[in-house]
Amino acid sequence: MVMLENISRSAGSWVLLTCPSPSWESLVTVTWKIRPQKGADCSLAYREDTHTVVRTTCSERLDWKPEPEQNFTLQLSSVELTDEGFYICEIVSSDGNFDRCYHLTVLVPPKVTVNCDGSGNVVCKAAAGKPAAQISWVPEVCHSTKDESHPDGTVTVLSTHIANATADSQVTCSVSHPTGNQSLSIGCHSGNEKVYILVPCVASLAGLMIGILFLLAFIYCYKLHHSRICQKTKTPETAPTENVQDDHDLELEPYTIFVQKENVIYNSVSDLTMRDNVPVHLRTAI
């Protein structure tokens, strides 16, 4: 009957697997058979009569500890997710056959983060853990949790603590996992408060803009009205055109009479002069 032992180790750690130890005088062979859940099988075998070791497709991280002639223990260094599976030890001796089987489970610690979303809710995230982490809250109020599985077997757990509008105290996210427990605290303002703060700010800004517009309109109307008054005050009075023309005619009228008289006198003198220069026998005709 094969004995089965379940063991678990964190990724990156070391594993030591022991095997039954019969008397050296009766020992024939010792064989470790590895059957991972993903990937090809491999084996390590030791023959006592020849003191030889046979390795088939096994990783260099898998070896005897320290030497098969002294110990049958198998050593696995820097455990990875791909190492998960069954490890079987088979011993053949003159006293009989002995077997031991181990099932190795690889644990991956989650990466825990806590933050506030846009609504003031607290979001706690335990990313890529194996197995899935357990999340609880203090205080224990309304929250929602969802899991997301990944191809490598890890799971991300996302839990949202719904914002409480009546309390702003810090909340604590507690993450439980076989690799260790963690607790993170944070305080977030509720989304309602953000809305209440935003509304007065918008109203104040709108009131300021309206006031500026009214002031600019008042200045424009004042300047327009003042400009019209100035134009009325500075416009000179224009005398009627007819009066200017009449005054001009009056000023020229004496000169016109004078010129006309001078012309009459000039004509008379011219006539006398011409008569004196004409011969006597021709004056009668003139």
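The values are calculated or read from the model by the stated rules, or taken from the named source; none is laboratory data. None of these values were measured; they are calculated from a predicted model. Because the Cβ atoms are built from the backbone with ideal geometry, glycine has one as well, and the counts that use them run over all protein chains shown.
Here is how the numbers come out for the structure above:
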{"quantity": "Qualifying residues in region 6-40 (those that are part of a loop (DSSP other than H, G, I, E, B) and aromatic (Phe, Trp, Tyr)) - the one surrounded by the most Cβ atoms within 10 Å (Cβ to Cβ)", "calculated": "TRP14"}
{"quantity": "Where GLU60 falls short, out of the listed (1) part of a strand (DSSP E or B); (2) surrounded by fewer than 16 Cβ atoms within 10 Å (Cβ to Cβ)", "calculated": "(1)"}
{"quantity": "Test: residue in region 10-30 that is outside the structural domain of GLY153 (by TED's automatic domain parsing), at pLDDT 95 or above, within 26 Å of VAL155 (Cα to Cα) and among the hydroxyl-bearing types (Ser, Thr, Tyr)", "calculated": "yes"}
{"quantity": "Those strands (runs of 3 or more DSSP E) lying entirely in region 80-119 with at least 1 residues within 15 Å of LEU44 (Cα to Cα)", "calculated": "85-93, 96-107"}
{"quantity": "Total residues in region 120-134, condition more than 22 Å from THR154 (Cβ to Cβ) and assigned to a strand (DSSP E or B)", "calculated": "1"}
{"quantity": "Unmet requirement for PRO151, which otherwise passes all of (1) part of a loop (DSSP other than H, G, I, E, B); (2) in contact (Cβ under 8 Å) with a residue 12 or more places away in the chain", "calculated": "(2)"}
{"quantity": "Any hit, region 123-137, residues being without any contact (Cβ under 8 Å) to a residue 24 or more places away in the chain and within 30 Å of LYS38 (Cβ to Cβ)", "calculated": "no"}
{"quantity": "Filter result for VAL54 (at pLDDT 90 or above, part of a strand (DSSP E or B) and not charged (D, E, K, R))", "calculated": "yes"}
{"quantity": "Subset of region 154-185 [within 17 Å of LYS130 (Cα to Cα) and not in a strand (DSSP E or B)]", "calculated": "THR154, HIS177, PRO178, THR179, GLY180, ASN181"}
{"quantity": "Subset of region 118-147 (residues that are of a type in the set (D, E, K, R) and loosely packed, with under 13 Cβ neighbours inside 10 Å)", "calculated": "GLU140, LYS146, ASP147"}
{"quantity": "Some residue of region 41-51 being closer than 15 Å to TYR87 by Cβ, within 49 Å of the chain's Cα centre (by Cα) and part of a loop (DSSP other than H, G, I, E, B)", "calculated": "yes"}
{"quantity": "Criterion: of a type in the set (Ser, Thr, Tyr), surrounded by 17 or more Cβ atoms within 10 Å (Cβ to Cβ) and touching an Asp or Glu at 6+ places or on another chain (Cβ under 6 Å) - qualifying residue of TYR102, TYR87", "calculated": "TYR102"}
{"quantity": "Candidates ARG35, ARG55, ARG100 - the one that is free of Cβ contacts under 8 Å to residues at least 60 places away in the same chain and closer than 30 Å to GLY180 by Cβ", "calculated": "ARG35"}
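A quick yes/no check of all residues on (1) of a type outside the set (Ser, Thr, Tyr); (2) without any contact (Cβ under 8 Å) to a residue 40 or more places away in the chain:
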{"position": "THR31", "(1), (2)": "no, no"}
{"position": "SER43", "(1), (2)": "no, yes"}
{"position": "ARG61", "(1), (2)": "yes, yes"}
{"position": "SER78", "(1), (2)": "no, no"}
{"position": "CYS89", "(1), (2)": "yes, no"}
{"position": "VAL92", "(1), (2)": "yes, no"}
{"position": "VAL106", "(1), (2)": "yes, no"}
{"position": "PRO110", "(1), (2)": "yes, no"}
